[in-house]
Amino acid sequence: MTDTDDRPDSTVPERPDGTVPAGPDPGRGAAAWAVLLPPGRYDAERLVHHDTLELTGLTGDAAAGGPATGAGAGVGAADAGATATRAGVGAATATTGPRPGDAVAVLTEDPLRLVALGRVARATAERREDPDDPQSDPASGAFVVAYTRRVFDEPVPADGLALDGPVTALPADAYRALVGRLGPPPARRSWLVSLDLPIEAATPAEAVRLFWSYVRDLGPRELPAFVSPSGDELAMQAFVLGAEANQDPEEDD
């Protein structure tokens, strides 16, 4: 598993071949894209670290989305309400969809917020619509985004950006405006994370097996994890559902 939270990401969408299209281009597509997380996916991405975001069920070229629009440079005016329609990923001015290396801004709706940056990665291998029938029609693989920076814990408002579907072409200036709202990544430091469970078992080996069973079955939605900066255990905090959670019942009274 790779930690990519502090990997630098260019504020100018640039492909590996050095081209920098300034937004949707009918001949070549866009160099940057806005990707909307499906309902419920935000919580899942916030709870567990993933190196990539995989989305399935996108029609057409997985993303020949229309251009995003907004006030001024594309992002920012308060009266340009954040709208997003799910009319599909198709009838658009950009005839070429995302290509590996294209920059991606990952967003969530209600309200529209920026939660991550990434790059388009190569799609998963082709699969069949019916996995039990090797002769069935091929189905498109997942649309894959490799994360370069995550801000799931502190999403950034993206008001003023109007999207045309799950995957939408972004003009370069709109992408730069979104990235500019993030500011520099925070400094990294060492943390101690622990999970203590009282377990009854006949042997230490059995206790360890039961421990991993509980972790697998209950997971971060139910089990509190305790985290503190290295060398400052008195600052320990409990987290459940990806957020700080008080574990002292006396303080709740």
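The values are calculated or read from the model by the stated rules, or taken from the named source; none is laboratory data. Bear in mind that the values here come from a model prediction, so they are computed numbers and not experimental data. When we count neighbours, we look across all protein chains shown, and the Cβ atoms used for this are built from the backbone with ideal geometry, even at glycine. These area figures cover heavy atoms from the full protein model, side chains too; ligands, DNA and RNA do not enter into them. Shrake-Rupley method; radii C 1.70, N 1.55, O 1.52, S 1.80 Å.
Figure note: Phe211, Phe143 ranked by solvent-accessible area, largest first, 1.4 Å probe, ligands and nucleic acids not counted: Phe211, Phe143. As a ratio to 2.2 N^0.38 Å, the alpha-carbon radius of gyration computed for the stretch 177-225 takes the value 1.90.
Computed extension gain for Leu182 through Glu222, at 0.36 nm per residue and net of the alpha carbon distance, reaches 11.3 nm. Per-residue surface analysis assigns Arg113 an accessible area of about 60 Å², computed on protein heavy atoms at 1.4 Å probe radius.
Taking all protein chains as they are arranged and a probe of 1.4 Å, the heavy atoms of Asp232 leave approximately 70 Å² accessible to solvent. Within the stretch 149-234, the proportion of Cα pairs with more than 18 Å between them is 68 percent.
Here each label is just a point 7 Å from Cα along the line to Cβ, and for Ala123 and Ala207 those points are 5.1 nm apart. Across Trp33, Trp191, the residue with the most accessible area heads the list, and the full order at a 1.4 Å probe is Trp191, Trp33.
Can you tally the net charge around Pro157? Count Lys and Arg as +1, Asp and Glu as -1, for every other residue whose Cβ sits under 10 Å from the Cβ of Pro157. For residues surrounding Pro157, the net value is +1.
First check a/c for the stretch 153-196, with a ≥ b ≥ c the square roots of the eigenvalues of its C-alpha gyration tensor; if it is under 1.5, answer rounded, and if not, answer prolate when a/b is larger than b/c or oblate otherwise. Since a/c reaches 1.5 and a/b is larger than b/c, the shape of the stretch 153-196 is classed as prolate. Looking at the stretch 172-253, the GluC sites (Glu not before Pro) that sit in a DSSP loop and have at most 12 other Cβ atoms within 10 Å of their own Cβ are Glu200, Glu222.
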